[in-house]
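All of the numbers you see were taken from the coordinates with simple rules; none came from a lab. Bear in mind the structure is a predicted one, so any value in this text is a computation, not a measurement. Quick reminder, even Gly has a Cβ in these numbers, built from the backbone with ideal geometry, and neighbours come from all protein chains shown.
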Amino acid sequence: MALALAAMLAGSCFFAASAQDRDSTAISEEKNWASDTTLSIDEVMVVATRTSQEVVPVQMLSGEKLRSLGTHSIADAIRYFSGVQIKDFGGIGGLKSINVRSLGSQHVGVFYDGVELGNAQNGIVDLGRFSLDNMESVSLYNGQKSATLQSAKDYASANAVYLRTKKPRFTDGKRNNWNIGLKGGSFMTVNPSVLWEHKISDRLSLSASTEFLYTTGRYKFTYAKQDGYDTTGVRQNGDVRMTRAEVALFGDIEGGYWRAKVYFYDSERGYPGAVVRGKFVHQDRQWDDNFFAQGSFKKDFAPWYSLQISGKYAYDYLHYLADPRLDVTAMYVDNRYRQQEAYLSAAHRFKPLRWWTLSLATDFQWNSLDADLRDFVYPLRYAGYGAAATAFEFGGLKLSASLLYTYIHDVLRASDAEMDDRHQLSPAVIASWKPFRDIDLELRAFYKKNYRMPTFNDLYYTFTGASWLEPEETVQYDFGATWHLIRSRGRFRGLDIQADVYFNQIDNKIIAMPTSNQFRWTMMNLGYVEILGVDAAAQGYFRFGPVDVSPRVNYTFQRARDLTDPTSEWYGGQVAYIPLHSCSVTLGAAYSSWSFNYSFIYTGERYESSANIPENYAQPWYTHDISLTKSFLFNGWELQATALVNNILNQQYEVVKCYPMPGTNFMIKVNFIL
């Protein structure tokens, strides 16, 4: 079956002829990537890109705004999106995972320049591996993108984060761009970086970037005893040493483009651990090596047919050490894991009529996992994905539907057991309507059914795996509206508002259950969760003489109830770490060569488990951050200097219980742009 899927995919790559993409995302990409010349304009401060052409809810951070938020990683930046929860286990060295609309981290697909980042071992992508300095935009889509030409994997996630790196752009006569940066600040953080862009020809350019990061991750915090915060400690074992390097080629062809990228990441870090019973010191260590090479090709062969091909190979190495000789509370663990992934995708788009589009995509993916664990089964996974979609547009009405077929075949190399093949159909229906010609108001709704396969750890980990686990199933319902107002004169220049009401269901939720041994757990399909939520965002644009001001507010309400066991005393309790209310506020201002940014994040009261009792109550927390940037111009090159102060009120808080977060901290950034 796997060979048949691979053959079908390879054969489809040779089928050619194509349609013009009418959606705004593809059009803007084609214009940028296929241009022979580039216009140079002054950079403006952008909080979120207008997305009236997108049918599904989407939020975006781009440009300098993305880098002015005072964040250390992509995960920190995504906190400013509505509907998002970040689990942060303390400081720069602590683990971070993203949860969107309470569906779980494994239901968030992460795409890097159009190709999904994978982790078959645990299903979670470490967003800290990717630099903000080289990032053009970060987008969050609920449901799926509404583009008509995309891979089958684009349909396979309940929510998706799209990371898009910078494409080189050159002013007239210039063949090289340099951006040499240096960051330094609290926790003895040192972070130099270099970005080089080279114009090989009018249709071919190269981008190479690298950075190094070192930080001790040490900061003071106050530890809460029964009567309040009255003990001061120092967060330790949060150090990070990281090196990242990327090289990319960008080629433009008639009616399309091609891209190729090689990525390498190496790090060593300590895990600060939980602060329990006054113990502040932990010694857990982790080493990571990540490598991938990926490429994509897109071409319009005819006005009615387009083809997109993408492929990838990835290798990931992880070494984890917990040594009781260094930490007497630790159980000895010294394990090494090696993952490999190969991926190939072909997508076709047909446009038989001006108002009707058809698309077909087939993907093939292979994963392997090796580990030096006792009785490990060394699994292989062959996965095939097929997606068929159609879209209609009649005036102000847009309708689209898709059907995703997923086939999973697992092979256990160190076992005679035969795993059952998994087959799944996942439909989605999306609609939007502009009821008024002269008012930029759009109503939208979508229904989507999805599921996630259990990860290799869920199924085959030596002490916790359960090979009979069923996939986790989700159903999403969403109804929302977007309204835009633009004015060309006066102090008030525009307003963007979007709001969505949604209802999510999770069935066969995979949870870990303890057994008689605290080190030996078992994975089970027990959970059922319902989520009722509201996401709202408002973006304003103002001009006061020479000063541009752009405030933005995001708000989220989520009632996420655990309905697993009707006989339980805690039936209907709010899911752990999901706040009822959360919000963020940003305020950007630009004047001449100066720019200022203020941001505020609030997370309301939560509980640390579905047993919503006082003992599990988690206090609300909030932070205030500010940044100030000044640009200096000197004979063809530019110096940008930025000062950032985070948590300016020095609030003592915990995102996850017993993992204290940093108080007031600062960073200075200097960039030389040549």
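Calculate, in nm to one decimal, what Glu136 and Tyr602 gain on full extension: separation in residues at 0.36 nm each, minus their alpha carbon distance. Walk me through the numbers on the way to the answer.
Details: separation 466, 0.36 × 466 = 167.76 nm, distance 2.64 nm.
In short, 165.1 nm is gained.
At 7 Å along the Cα-to-beta-carbon direction for both Leu674 and Phe264, put a label point, then send me their distance in nm to one decimal.
The answer from the label model is 2.3 nm.
List the trypsin sites (Lys or Arg not before Pro) within region 129-178 that DSSP assigns to loop and that have no more than 14 neighbouring Cβ atoms inside 10 Å.
Details: sites: Arg129, Lys145, Lys153, Arg164, Lys166, Arg169, Lys174, Arg175; in loops: Lys145, Lys166, Arg169, Lys174, Arg175.
Here the sparse-neighbourhood loop sites are Lys174, Arg175.
Most exposed first by the Cβ proxy, i.e. fewest other Cβ within 10 Å, how do Arg487, Arg422, Arg235, Arg259 rank? Mind showing how you got there, number by number?
On the way: Arg487 12, Arg422 16, Arg235 27, Arg259 20.
Placing the least packed residue first, the sequence is Arg487, Arg422, Arg259, Arg235.
Using the beta-carbon distance between Val333 and Ile200 and R0 = 35 Å, what value does 1/(1 + (r/R0)^6) give for FRET efficiency, to the nearest 0.05? Walk me through the intermediate numbers first.
Details: r = 48 Å, r/R0 = 1.37.
Efficiency, rounded to the nearest 0.05: 0.15.
If we count every other residue with Cβ under 10 angstrom of Pro379's Cβ, Lys/Arg +1 and Asp/Glu -1, where does the sum land?
Details: positive: Arg381, Arg413; negative: Asp370, Asp410.
Here the count lands on 0.
If the chain between Arg491 and Phe301 were fully stretched, how many nm would it gain, using 0.36 nm times the residue separation less the Cα-Cα distance?
Numbers: separation 190, 0.36 × 190 = 68.40 nm, distance 4.72 nm.
Between Arg491 and Phe301, full extension yields 63.7 nm more.
Peptides 202-209, 135-142: what's the order by average Cβ count within 10 Å, highest mean first?
Numbers: 202-209: 16.5, 135-142: 20.6.
Result, highest mean first: 135-142, 202-209.
Suppose R0 equals 41 Å; then what is the FRET efficiency for Gln286 and Val547 from their Cβ-Cβ distance, rounded to the nearest 0.05? Please list the in-between numbers first.
On the way: r = 46 Å, r/R0 = 1.13.
The pair Gln286/Val547 has a calculated efficiency of 0.35.
Evaluate the charge dipole of region 537-585 about its Cα centre and quote only its size in Debye, nearest 20, assuming +1 on the Cβ of each Lys and Arg and -1 on the Cβ of each Asp and Glu. Intermediate values should be presented prior to the final figure.
Numbers: 4 positive and 4 negative charges, 65 e Å.
That gives a dipole near 320 debye.
Between Arg354 and Asp438, what's the calculated FRET efficiency when r is the beta-carbon distance and R0 is 25 Å? Round to 0.05. Intermediate results must be reported in sequence, preceding the final value.
Numbers: r = 23 Å, r/R0 = 0.94.
Efficiency computed from Cβ-Cβ geometry: 0.60.
For each of Ile124, Ile601, Ile74, Ile668, count neighbouring Cβ atoms within 10 Å of the residue's Cβ, then give the residues from fewest to most.
On the way: Ile124 18, Ile601 21, Ile74 24, Ile668 13.
Lowest count first: Ile668, Ile124, Ile601, Ile74.
On a C-alpha basis, how far is the centre of region 128-200 from the centre of region 305-377 in Å? Whole number, if you could?
20
Hey, got the dipole for region 125-272? About the Cα centre, +1 on K and R Cβ, -1 on D and E Cβ, debye to the nearest 20?
Details: 21 positive and 16 negative charges, 16 e Å.
Dipole magnitude for region 125-272 comes out near 80 debye.
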